[in-house]
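Please read the structure below before turning to the comments.
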Amino acid sequence: MRATVIESTSSIPIPAHGGQLRQIAAQFDIPQEQLIDFSANIHPNGPPPSMLQALREAVSRPEIVRDYPDIEFTDLRNALAAYVQVEPSNVVIGNGVVPLLEATLRAFSVQSCLLPVPAFSEYRKTLARCAVEIHAFQISSDKDFSIDAEQLMSEASLRDCDAMLLANPQNPSGISWMQKDLRKLVRYASEHNILVLLDEAFIDYLPEESLAFLSPSISSLVVFRSLTKFFAIAGLRVAYAVAHAQASSRIQGNVATWPVSTLACVAACHAVKDVEYSSHARTANQEELAWLRDRLIGIGLYVYPGVANYLLIRLPAGISAVALWRQLITRHCIVVRCCDNFEGLDGQFIRVCVRRREDNLKFLGALRSLL
Ligand SMILES: Cc1ncc(COP(=O)(O)O)c(C=O)c1O
């Protein structure tokens, strides 16, 4: 492989998150609508058409925007409870995973948290905002980011943590835990009074791996779920947590009143009831994920075995992620997630969302021409 994408890139600011197209368009002087976004992991076939139709009908009724949302969020709570098969009293409503995480840290007065990295960068910011002492735990890329549950348990005890914050699947690696390991970890944590904060923002792609069904009976497990990615409604801001009923009302008490708008509630209720959308989204993603991964490996790249709708790629030695990120934008209008600002990753990694075939082909063509 010829390393043509080596250049000095020191002064280029890399966005802290995926999906920052307005800033990138301005930075590179490219019309925003020409950019193809592989950096935010949003399902490409969403949002569900049934949900868009429900929204169109809702906006024709003035009371939808005139009146306050139901303060109890009864319809939304019921719809989400039915979707994850728990009781409505186990569901906490919020306008994103971060506000729910923050509310949970406050509700449990968390002091010290084990944080496996690399991870979603908002975790560290949220923990810091809540004055929680952070104990980062490096997960090795050499072993495909697999986490040794035993080691995590002993680290948490050794460092006297009262919480650990995990994601399944992980971000940015896309790697999923073995459910038996995760259950062992939850059991151990419960015996040692350690709170497990489990972010399942991408679990809708593999719902059978979710531990949300366990949290109603285990008070030391709080599971965070989001409608952002799978239902492609990042702009509406709807997320929820699943917890033991008592914990759930304490967490809800730490979320600001009326976190979700009536329109967003209408959308979310329709989204989770659209079984056809969910089943098609899973199948389509599984097929395209495997197809894209095989092609990327075929180009000679190291691709981690991600299970959600994104893939983490390690670039060959001598090729800088920042330089590749920049050239994909300037030469091909393609935006990937440059991962060199993830804690615990060096400058050799990019992450890409699985999009539709025609876009994935453009991405592969662009990569081949640059590498
Ligand atoms: C692992 C993970 N959790 C949560 C979120 C944010 O979810 P939400 O849009 O519900 O706040 C992200 C967004 O990138 C993420 O990667």
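List nothing, just return the count: lysine pairs in the chain, 8 or more apart or interchain, with Cα separation under 22 Å. Here the count comes out as 4. In the chain, helical runs assigned H by DSSP with n ≥ 4 each contribute -39500 (n - 2.57); averaged across all residues and rounded to the nearest 500, the mean residue ellipticity at 222 nm is -12500 deg cm²/dmol.
Based on alpha carbons, the Rg and Dmax found for the chain are 20.7, 61 Å. Coupling constants for region 13-24 follow from the phi torsions by the Karplus curve (6.51 cos²θ - 1.76 cosθ + 1.60, θ = phi - 60°), and in residue order they are x, 9, x, 6, 9, x, x, 8, 6, 4, 5, 5 Hz; glycine and proline get x.
Global dimensions of region 187-335 from alpha-carbon coordinates: Rg and Dmax equal 19.4, 55 Å. 5 Å is the cut-off here: which amide hydrogens, built 1.01 Å from N in the peptide plane, fall below it relative to D199, excluding neighbours closer than 5 in sequence? Close amide H contacts, sequence-distant or interchain: L166, A167, N168, F224.
Per-peptide packing, taken as the mean over residues of other Cβ atoms within 10 Å, places 248-259, 275-286 in the sequence 248-259, 275-286 from highest down.
Derived scalar couplings between HN and Hα for region 215-229 equal 5, x, 9, 10, 5, 9, 10, 10, 10, 9, 10, 9, 9, 3, 7 Hz in order, rounded to whole Hz, by the Karplus curve 6.51 cos²θ - 1.76 cosθ + 1.60 (θ = phi - 60°), x for Gly and Pro.
A simple rule links phi to the HN-Hα coupling: the Karplus curve 6.51 cos²θ - 1.76 cosθ + 1.60 with θ = phi - 60°, which for region 313-327 gives 10, 9, 7, x, 3, x, 10, 8, 4, 5, 5, 5, 3, 5, 6 Hz, with x for Gly and Pro.
Where a number appears in this text, it was derived from the coordinates with a stated rule and is not lab data. Since this is a predicted model, take the numbers as computed values, not measurements. Backbone-built Cβ (ideal geometry, glycine too); neighbour counts: all protein chains shown.
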